[in-house]
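The values are calculated or read from the model by the stated rules, or taken from the named source; none is laboratory data. Keep in mind the model is a prediction, meaning the values are calculated, not measured. Here the Cβ positions follow ideal geometry from the backbone for every residue, glycine too, while neighbour counts run over all protein chains shown.
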Amino acid sequence: MTTMPTDPAAGAGRYAPSPSGDLHLGNLRTALLAWLFARSTGRRFVLRIDDLDRVRPGAEARQISDLAALGLDWDGPVLHQSDRLPRYDAAVEQLTAAGLTYECFCTRREIQQAAAAPHGPQGAYPGTCRDLTTAERAERRAAGRPAALRLRAGRPDFEITDRLHGTYRGPVDDLVLRRGDGIPAYNLTVVIDDAEHGVDQVVRGDDLLPSTPRQAYLATLLGLPVPEYAHVPLVLNTAGQRLAKRDGAVTLADRLDRGDSVQGVVAMLAASLGSAGGTARELLTGFDPDRLPRTPWVLDPDSLVCAAGGP
Ligand code: GLU
């Protein structure tokens, strides 16, 4: 695979799938967009596998081969979060040393119940374990409850700027930094990885927009730069729900099984972006984020006709 010339001093964009299964057309479209945003601005492009959770054997290899088949390329080796556990631990220690963490013994159910209380914060952690006394903590530990570690957030919300959504303010609650099973939490790892891999442009599905203020806030607490963001519309099924495997022939392999070609799938993704371009590289010419559709792409895989080529 040839790598396009990029200025090493320029920042990077990235795509960061979780290897929990095959990528579907919505994931592939987001990956294509992340690549277009990065490459059209001379950035490097990083492929990172978020493999601390939900790993399905074989999924990573298929994801990588699907992305390459679409014509996407990336700089340097494929990165893995599982190689970086000591780095996440160090960040947690840094925050703990600054007095910015506390142990939380709540179960998921307790948090849901507290958050559902009439005056509880909307979906945010209600702070149940924030001010436990030393004795109360010891009692919970002795009862064998595994403790998660939470951020002691110093503010209720934080503002970010998004290329497609403009200024966006969202809640910053006492987010989990390390889960009860010891695994570092996504909201922590993503912040550290993006900063340390030189990622200064984060393009991803807009389901993650609400988590972004807390990630940006966490970056500032860790002394890391906040990237620029572009949260792109998701792909929905005809019932208006987020596209899923059960919706039919939605992976690249499914489409090829049905007689579509890779070129046809890329052309279909291009058409969904309002472009007549044929290949990923052709799409780069004239790529303009301002002209992207701002509404979800509604997809009926059964009536899907690929826009170009046969097998
Ligand atoms: N691995 C995460 C996901 O697939 C990455 C999200 C992100 O792009 O920050 O949801």
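Points worth noting:
- Tally of residues being outside any strand (DSSP E or B), under 16 Å from residue 101 (Cα atoms) and touching a residue at least 24 places away in the same chain (Cβ under 8 Å) across segment 132-153: 6
- Counting only strands (runs of 3 or more DSSP E) wholly contained in segment 1-111, the ones carrying 3 or more residues that are in contact (Cβ under 8 Å) with a residue 24 or more places away in the chain and more than 13 Å from the ligand (Cβ to nearest atom) occupy 101-104.
- Matching residues, segment 178-199, being under 23 Å from residue 37 (Cα atoms) and more than 14 Å from the ligand (Cβ to nearest atom): 196, 198
- Residue, modelled with the highest pLDDT, within segment 213-239, restricted to residues that are in contact with a Gly (Cβ under 7 Å, 6 or more places away or on another chain) and of a type in the set (Val, Ile, Thr): 232
- Of 232, 266, all but one fail to be under 15 Å from the mean Cα position of the chain (by Cα) and either within 13 Å of the ligand (Cβ to nearest atom) or surrounded by 15 or more Cβ atoms within 10 Å (Cβ to Cβ) (or both); the exception is 232.
- Residue identified as buried (at least 16 other Cβ atoms within 10 Å of the Cβ) and under 21 Å from residue 202 (Cα atoms) among 105, 37: 37
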